[in-house]
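Everything below concerns the one structure shown next.
What follows is calculated from the coordinates using simple rules that are stated; it is not laboratory data. Values in this document were obtained by computation on a predicted structure and should not be read as measured data. Here Cβ is always computed from backbone atoms with ideal geometry, including for glycine, and neighbour counts include all displayed protein chains.
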Amino acid sequence: MAQRIILRIELTPNAKEHLNQTSDTLGMTQVAMLSRIVEWFSQQPELIQRIIVGHVPAQIEQQVARVMLRRLASEGKKSVGV
């Protein structure tokens, strides 16, 4: 088995309730679900990470989102050979 590192997180009561509901619905432990989320997040491009954590000013969020969607769409076409 791969080496594991255990971390603690702090959640608001509302976030914890949503975590409980989601893990129950998906039939996963909270640790397994959060591990997958962190793995996914760590593999995203830096700009996507910045958007997710709120490091993009609200005034330009929509423009950044449009640019990122265009970039992702063009990369998708290239990988399919279109």
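Points worth noting:
- Looking across the range 64-78, not a single residue is out of contact with any helix residue (DSSP H, G or I) (no Cβ under 8 Å at 6 or more places or on another chain) and under 29 Å from GLU10 (Cα atoms).
- First in the range 33-50 and of a type in the set (Phe, Trp, Tyr), second anywhere and surrounded by 10 or more Cβ atoms within 10 Å (Cβ to Cβ), Cβ under 7 Å, 6 or more apart: PHE41/GLN49; PHE41/ILE52
Residues are listed down the side, and each one gets a yes or a no for (1) out of contact with any strand residue (DSSP E or B) (no Cβ under 9 Å at 6 or more places or on another chain); (2) surrounded by fewer than 10 Cβ atoms within 10 Å (Cβ to Cβ); (3) among the acidic types (Asp, Glu):
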| position | (1), (2), (3) |
| --- | --- |
| MET1 | yes, yes, no |
| ARG4 | yes, yes, no |
| ARG8 | yes, yes, no |
| GLU17 | yes, no, yes |
| THR25 | yes, yes, no |
| VAL31 | yes, no, no |
| VAL38 | yes, no, no |
| ARG66 | yes, no, no |
| LEU72 | yes, no, no |
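- Any hit, the range 43-63, residues being in contact with a helix residue (DSSP H, G or I) (Cβ under 9 Å, 6 or more places away or on another chain) and polar (S, T, N, Q): yes
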